[in-house]
Amino acid sequence: MMFLILLLDYAFIFLARVLDMTLATVRILMVMRGKPGSAAGIGFFESIIYILALARVIDTLDNPTRLIVYALGFAAGNYAGTKIEEMLALGFSTAQVISRENAEELTEKLRENGFGVTVLEGCGREGSHQLLHVLLKRKDIPVLMSIIRDTDEHAFVSVFDTRKILGGYFRKIKSK
């Protein structure tokens, strides 16, 4: 019976820490995406869970297994939070695509699939080329990358987060 109680205690510490760290990751995402209300609500529950898990460890510092379980929950929570953040894919990104050979075809295919594309002239080490500037929802990055790979396998692509936008062209992207 005592073994079962100890096992349940370890499970509580581990799962509470996983949940707490997952919430922390999502909270940080909300802060970065300019959603302070959501971040505050998540932070409220995150702090309660954190304190409950930490109290179980601090009350029994003579039991190093609880500390190890706590640390394992922290690590697993970071991993889970990252995976959830990838699945949520909230917000927008900007992709810059340099295509020296198939820029016109790539531009057309991206537009056919619902992406807004602005084409700029660029000059690199090997001469002039076109730079395709694409503002998109983060969840649409896999579709964008698939179209680019299928059209120009030698394209250079840089994708970065976009914090705020005003205006622009957005329509429903056809999933591949």
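The values are calculated or read from the model by the stated rules, or taken from the named source; none is laboratory data. Small disclaimer: the values here were computed from a predicted structure and weren't measured. Quick reminder, even Gly has a Cβ in these numbers, built from the backbone with ideal geometry, and neighbours come from all protein chains shown. Remember, those area values only see protein heavy atoms, side chains included, never the ligands or the DNA or RNA. Shrake-Rupley method; radii C 1.70, N 1.55, O 1.52, S 1.80 Å.
Identify, by number, the condition in (1) open to solvent by 60 Å² or more (accessible area, probe 1.4 Å); (2) in contact (Cβ under 8 Å) with a residue 60 or more places away in the chain; (3) more than 30 Å from Leu131 (Cβ to Cβ) that Met32 doesn't meet.
Status for Met32: all satisfied but (3).
Are any residues in segment 152-166 open to solvent by less than 50 Å² (accessible area, probe 1.4 Å) and at pLDDT below 90, and if so, which ones? First the steps, then the outcome.
Our first condition is that a residue be open to solvent by less than 50 Å² (accessible area, probe 1.4 Å); within segment 152-166, this holds for 152, 155, 157-158, 162.
Residue satisfying the conditions is Thr162 alone.
Report whether or not Ser38 is polar (S, T, N, Q) and within 19 Å of the chain's Cα centre (by Cα). Break it down stepwise before answering.
On the way: polar (S, T, N, Q): yes; within 19 Å of the chain's Cα centre (by Cα): yes.
Criteria met by Ser38.
Give all pairs with beta carbons closer than 9 Å in which a residue from segment 131-159 that is more than 14 Å from Gly116 (Cα to Cα) and among the aromatic types (Phe, Trp, Tyr) meets a residue that is at pLDDT 95 or above and open to solvent by 20 Å² or more (accessible area, probe 1.4 Å); count only pairs at least 6 apart in sequence or on separate chains.
Going by the 9 Å Cβ cut-off, the qualifying pairs are Phe156/Gln96.
Could you tell me how many of the residues in segment 89-107 are open to solvent by 30 Å² or more (accessible area, probe 1.4 Å) and among the hydroxyl-bearing types (Ser, Thr, Tyr)?
Going through segment 89-107 one residue at a time, the tally reaches 0.
Only one of Gly41, Gly37, Gly73, Gly81 is over 30 Å from Ile148 (Cα atoms) and crowded, with 18+ Cβ neighbours inside 10 Å. Can you tell me which?
Numbers: Gly41 fails: crowded, with 18+ Cβ neighbours inside 10 Å; Gly37 fails: crowded, with 18+ Cβ neighbours inside 10 Å; Gly81 fails: over 30 Å from Ile148 (Cα atoms).
Selected residue: Gly73, the only one of Gly41, Gly37, Gly73, Gly81 that is over 30 Å from Ile148 (Cα atoms) and crowded, with 18+ Cβ neighbours inside 10 Å.
Restricting the search to segment 7-20, which residues are within 14 Å of Leu67 (Cβ to Cβ), of a type outside the set (Ser, Thr, Tyr) and open to solvent by 30 Å² or more (accessible area, probe 1.4 Å)?
Phe14 - this is the single residue of segment 7-20 that is within 14 Å of Leu67 (Cβ to Cβ), of a type outside the set (Ser, Thr, Tyr) and open to solvent by 30 Å² or more (accessible area, probe 1.4 Å).
Filter segment 44-70 for residues that are of a type in the set (Gly, Ala, Ser) and surrounded by 13 or more Cβ atoms within 10 Å (Cβ to Cβ); which is nearest to the chain's Cα centre (by Cα)? Let's see the steps before the verdict.
Just the residues of segment 44-70 that are of a type in the set (Gly, Ala, Ser), to begin with: 47, 53, 55.
Among the residues that remain, those that are also surrounded by 13 or more Cβ atoms within 10 Å (Cβ to Cβ) are: 47, 53.
Values: Ser47: 22, Ala53: 26 Å.
This residue is Ser47.
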